[in-house]
Ligand SMILES: [Zn+2]
């Protein structure tokens, strides 16, 4: 039987606290700890998930890591049970790089939450929604929702994360909706920019998402 390189409890505890005991998936971020009915007990729905698998054949397994590296905090990401299952079921979509980015972002968010917003903090992004009529006939009305991001900060806008949820029954096509988080009632669209230079210039405005609807 293949050996599994599990995390020590000290690693798991530090991992959870470094992200404020919340799921590190930016589309989820649910709290993973809370009270149990018994006054001294807690409930935990968080998991220290492996970025590259604990044993050969597992999701994102990397043979180049030593057992020590595989069970180190660098190879761990704190997720809720749902998201841990999600990322292990589709390792082509949820790559080690993507999970690393989630972790870094979750730690940044936790740091900002602990520090509080600095005095005089500035708005860095304007979000614009534009609703256009595309085709109006007596039988059918087609519209388009355009989502724009404008950099109004001092520096480059290299990382952002955007989600738009639309009632499914008004959509003309479902291209680009996030499977797994969309259902018959609501469709979720996600836009992610990571370490990009795409909105480099101050005041630059860019259309980041188009959604066709009726
Ligand atoms: Zn989650």
Could you say whether any residue in the range 127-137 is over 30 Å from residue 212 (Cβ atoms), without any contact (Cβ under 8 Å) to a residue 24 or more places away in the chain and not in a loop (DSSP other than H, G, I, E, B)? no
Restricting to the range 120-179, name every residue that is modelled with pLDDT of 80 or more and out of contact with any strand residue (DSSP E or B) (no Cβ under 9 Å at 6 or more places or on another chain). 137, 138, 139, 140, 169, 179
Please pick out the residue among 145, 188, 174 that is touching a helix residue (DSSP H, G or I) at 6+ places or on another chain (Cβ under 9 Å) and either in a loop (DSSP other than H, G, I, E, B) or surrounded by 14 or more Cβ atoms within 10 Å (Cβ to Cβ) (or both). 174
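The values are calculated or read from the model by the stated rules, or taken from the named source; none is laboratory data. The model shown is predicted, which means the values in this text are computed figures rather than measured ones. Reconstructed Cβ throughout: ideal geometry from the backbone, glycine too, with neighbour counts over all protein chains shown.
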